[in-house]
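The values are calculated or read from the model by the stated rules, or taken from the named source; none is laboratory data. Just so you know, these numbers come straight off a predicted model, no measurement behind them. When we count neighbours, we look across all protein chains shown, and the Cβ atoms used for this are built from the backbone with ideal geometry, even at glycine.
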Amino acid sequence: MWRKAILLSLREKKTFTVFTLIYTTLIFLTSFFIDLGLEGGFGELAWYFVIIFFGTSLFLSLLYAWILVSRKRRVWATFKCIGYTNKNILVLVSGMIFFTTLIGFLIVIEVLFHYAAAIAYINQLPDLEITFNILVDLLPVIFTSGIFIFVQILAFILAYRKVLKVRPIIALKKVGE
């Protein structure tokens, strides 16, 4: 089922790309401000930004779940007609949501590793008098990703409620109506 969820996610190219980029940006910014808050930079303002980004991620997770279920009502109804249960469809939807979040996390990790490698190389140059610092530590990124995955649980609940309301008769209706 998870494989089918990944394939369904990738089939929705625009929606998947947009939400992956949004999650990537939110994970990075939240991690950055958590790191600043722990180091004492920006003072309490950093923690306000963290709260704002978590609230934004909650809103966008719910929006993404709503979009996935609402736009594919006919698909879910067809699945119900061929024997899929509500649980099977929920696994597909939750897999799509989780996959999008996971890809956002992996993009952040990849970019930060490349940035750290470039900074380590630049700092070893003998003629350079400026020392660059690492942008974000790995621990705030992992913590932020864990919180984002927890937020996705609320999106799963919304998706489950919407999936329960999809009736198989929708798939059998005439397309033109």
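So the values come out like this:
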| read-out | value |
| --- | --- |
| Residues of region 138-177 satisfying the condition of being within 21 Å of residue 73 (Cβ to Cβ), of a type in the set (Gly, Ala, Ser) and surrounded by 18 or more Cβ atoms within 10 Å (Cβ to Cβ) | 155, 159 |
| Scan of region 107-133 for residues that are aromatic (Phe, Trp, Tyr), modelled with pLDDT of 75 or more and either more than 25 Å from the chain's Cα centre (by Cα) or not in a helix (DSSP H, G or I) (or both), ordered by number | 121 |
| Close pairs from region 15-27: first over 10 Å from residue 101 (Cα atoms), partner among the hydrophobic types (A, V, I, L, M, F, W, C), Cβ under 6 Å, at least 6 apart | 26/53 |
| Failed item in (1) of a type outside the set (Gly, Ala, Ser); (2) under 18 Å from residue 29 (Cβ atoms); (3) exposed (fewer than 15 other Cβ atoms within 10 Å of the Cβ), with residue 81 passing the rest | (2) |
| Filtered residues of region 28-53 (kept if in contact (Cβ under 8 Å) with a residue 60 or more places away in the chain and either at positive phi or of a type in the set (Ser, Thr, Tyr) (or both)) | 30, 31 |
| Region 84-102: number of residues that are in a helix (DSSP H, G or I) and farther than 27 Å from residue 29 by Cβ | 7 |
| Which numbered condition residue 79 misses (of (1) touching a helix residue (DSSP H, G or I) at 6+ places or on another chain (Cβ under 9 Å); (2) at positive phi; (3) not hydroxyl-bearing (Ser, Thr, Tyr)) | (2) |
| Any hit, region 103-126, residues being within 15 Å of residue 31 (Cβ to Cβ), touching a Ser or Thr at 6+ places or on another chain (Cβ under 7 Å), among the small types (Gly, Ala, Ser) and crowded, with 18+ Cβ neighbours inside 10 Å | yes |
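Residue-wise test of (1) among the hydrophobic types (A, V, I, L, M, F, W, C); (2) crowded, with 19+ Cβ neighbours inside 10 Å; (3) in a helix (DSSP H, G or I).
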site: 22; (1), (2), (3): yes, no, yes
site: 25; (1), (2), (3): no, no, yes
site: 42; (1), (2), (3): yes, no, no
site: 49; (1), (2), (3): yes, no, yes
site: 70; (1), (2), (3): no, no, yes
site: 76; (1), (2), (3): yes, yes, yes
